[in-house]
Amino acid sequence: MLRDRGMKHHAAIRKLARSWIRILFRVWQTEVPFDCDRYIAQLKQRCPEIARYLAPEN
């Protein structure tokens, strides 16, 4: 999605890595396991256009 917006490859990777670092830090601080389904549901709620980039649900 970032590449489609015109961001270069390395910049998109850095932005993605920053997001995951924040997620991992939060998991470490709260000691609550990461829930992928909850994360994807929140992503879809905040950014509905991301649904076409995600794998289809079975």
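Only the coordinates and a few stated rules stand behind these numbers; no lab work does. It should be emphasised that the depicted structure is a prediction, and the values quoted were computed from it without experimental measurement. All Cβ positions, glycine included, derive from the backbone under ideal geometry; neighbour counts span all protein chains shown.
About the Cα centre of the stretch 9-53, how large is the charge dipole given +1 on each Lys and Arg Cβ and -1 on each Asp and Glu Cβ? Please answer in debye to the nearest 20.
Magnitude of the dipole: close to 260 debye.
Mean projected area of the convex hull spanned by the Cα atoms of the chain, taken over all viewing directions: 4.7 nm². In the stretch 9-53, a dipole from Cβ-located charges (positive for Lys and Arg, negative for Asp and Glu) runs towards its positive end, and of P33, Y53, I23 it is Y53 whose Cα lies farthest in that direction.
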